[in-house]
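Novice: One structure coming up, written as structure tokens, with questions to follow.
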């Protein structure tokens, strides 16, 4: 496995948190700071996609190919890349 257990847990928690509460700007920044290194690690390892569970229990596959970290984070947190 490319990711540590802690990194996998961060990915799962981020998905749950995003749907369960309203985020402040500080919350988004905190999530970005936790998620960005994980996305970079996955891309560096040549991982093209990964699947995670949303807050509703839906399995979501996110493609990493051809996307910048900013785009991936925006998708994950359901915000604009800007």
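Taken together, the values in this text are just the output of simple stated rules run on the coordinates, not laboratory data. From a predicted model like this one, the values you see are computed outputs, not experimental measurements.
Novice: How tilted is helix 5-20 with respect to the longest principal axis of the chain? Cα atoms for both, answer in degrees (0 to 90, nearest 10).
Specialist: Roughly 40 degrees between the two axes.
Novice: Something else about it: With runs of 4+ DSSP H residues as the only contributors, calculate the mean residue ellipticity of the chain at 222 nm using -39,500 (n - 2.57) per run, divided by the residue total and rounded to the nearest 500.
Specialist: The helix-only estimate for the chain comes to -18000 deg cm²/dmol at 222 nm.
Novice: Still on this structure, please answer the following. So what is the relative contact order for the chain, in percent, with contacts set as C-alpha pairs under 8 Å and at least six apart?
Specialist: 32 percent
Novice: Then there's this: Which number do you get for Rg(Cα) / (2.2 N^0.38 Å) in the chain?
Specialist: Cα-based Rg divided by the globular estimate yields 1.02.
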